[in-house]
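The values are calculated or read from the model by the stated rules, or taken from the named source; none is laboratory data. Remember, predicted model here, so these are calculated numbers, not experimental data. Using ideal geometry, Cβ is built from the backbone for each residue, glycine included, and neighbour counts are taken over all protein chains shown.
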């Protein structure tokens, strides 16, 4: 079950990044994301709605996708 959850997170994190990059205020959002402490960046992405994707309906999964997404965005 854990491996399946991880596979979903790995598959959905890039979709989250794309959704973030398609937002109207991508530059402002990226600056704001990088200002946030690293431990709370996932919450920033989750609050922005970018991690809520088709097929990711459990709150734990959305949080995990948001954390992975934030990591990808901050490292880019």
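Results, tabulated for the structure shown:
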{"quantity": "Yes/no for residue 51 being in a loop (DSSP other than H, G, I, E, B), on the phi < 0 side of the Ramachandran plot and at pLDDT below 95", "calculated": "yes"}
{"quantity": "Counted residues, region 12-45 - those being closer than 14 Å to residue 63 by Cα and free of Cβ contacts under 8 Å to residues at least 24 places away in the same chain", "calculated": "3"}
